[in-house]
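Step one of this worksheet: look at the structure below.
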Amino acid sequence: MPASARFKKSRPVVLRPHQPTWAQEFAETARRIGGAAGPAILRIDHIGSTAVPGLAAKDIIDIQVTVASLDDIAELTHPLWQAGFRQGAFDYDTYHGLPPQSVELRKLYLREPLGGRRTHIHVREAGRFNARFALLFRDYLRANDAARDEYELLKRRASEIFPDSIDGYLYLKEPVFHLIYQAAELWAAKRRWKPDFSGQ
């Protein structure tokens, strides 16, 4: 069975050219999150493709909220729920070099308030692999135009193959995350990289 036949239709995969408004929309949502649950938060970062200037992306703002611990985060979740953000669930990111339910991949996933600008909020622990991965991936693509452009080409081709299946689209993209991460680690070591803490 060809890969294109394995995945059922779901929501359409629509890529948009990079929008200058994405950075401002992140900043507005970050202010709401910080205003509601500031004491429980170490950092709030714009991550994912909408955080990389010049990169086409689905029109979804990804935000990483860094906390000291995921074991007791009522100080974060209760004020966010009161502010309208929707309760999510604990989940695990995927990385082929780590066990599927490694503590290094654990996160809490939240969504925007009903009717709000579509946003995926990934709450991760400081110092964990997945928190570092998101920032390194973003900063590497921001600094490397060639890698950014090739990644966009892959995304466009994946959306052509799976125009109506987000699962199929992600199925093609996942190995590319790992390839880019390997290159990004070499870049980080050479540059003595530290995350861009500009808040964007």
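The values are calculated or read from the model by the stated rules, or taken from the named source; none is laboratory data. Predicted model only: the values in this text are computed from it and were never measured. Positions of Cβ are backbone-derived with ideal geometry, glycine not excepted, and every protein chain shown enters the neighbour counts. Remember, those area values only see protein heavy atoms, side chains included, never the ligands or the DNA or RNA. Shrake-Rupley method; radii C 1.70, N 1.55, O 1.52, S 1.80 Å.
Yes/no per residue for (1) among the small types (Gly, Ala, Ser); (2) farther than 19 Å from Ala40 by Cα:
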{"site": "Ala83", "(1), (2)": "yes, no"}
{"site": "Gln87", "(1), (2)": "no, no"}
{"site": "His96", "(1), (2)": "no, yes"}
{"site": "Val103", "(1), (2)": "no, yes"}
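When you check Thr94 against the structure, is it out of contact with any helix residue (DSSP H, G or I) (no Cβ under 6 Å at 6 or more places or on another chain), polar (S, T, N, Q) and in contact (Cβ under 8 Å) with a residue 60 or more places away in the chain, yes or no?
On the way: out of contact with any helix residue (DSSP H, G or I) (no Cβ under 6 Å at 6 or more places or on another chain): yes; polar (S, T, N, Q): yes; in contact (Cβ under 8 Å) with a residue 60 or more places away in the chain: yes.
Taking the combined requirement at face value, the residue satisfies it.
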Does Tyr151 satisfy the criteria of being crowded, with 17+ Cβ neighbours inside 10 Å, more than 14 Å from Thr94 (Cβ to Cβ) and at pLDDT 95 or above?
yes
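Inside region 104-139, can you point out the residues that are under 14 Å from the mean Cα position of the chain (by Cα) and over 26 Å from Arg32 (Cβ atoms)? Working first, answer last.
The initial filter retains those residues of region 104-139 that are under 14 Å from the mean Cα position of the chain (by Cα), namely 105-111, 118-124, 129-139.
Answer for region 104-139, where residues must be under 14 Å from the mean Cα position of the chain (by Cα) and over 26 Å from Arg32 (Cβ atoms): Leu105, Phe129, Leu136.
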Among the strands (runs of 3 or more DSSP E) confined wholly to region 55-147, which include 1 or more residues that are surrounded by 18 or more Cβ atoms within 10 Å (Cβ to Cβ)?
61-67, 106-111, 119-125
Among the residues of region 22-43, is any closer than 19 Å to Tyr181 by Cα and either open to solvent by 70 Å² or more (accessible area, probe 1.4 Å) or within 17 Å of the chain's Cα centre (by Cα) (or both)?
no
If a residue has to be open to solvent by 20 Å² or more (accessible area, probe 1.4 Å) and under 18 Å from Leu55 (Cα atoms) to count, how many in region 160-171 make the cut?
2
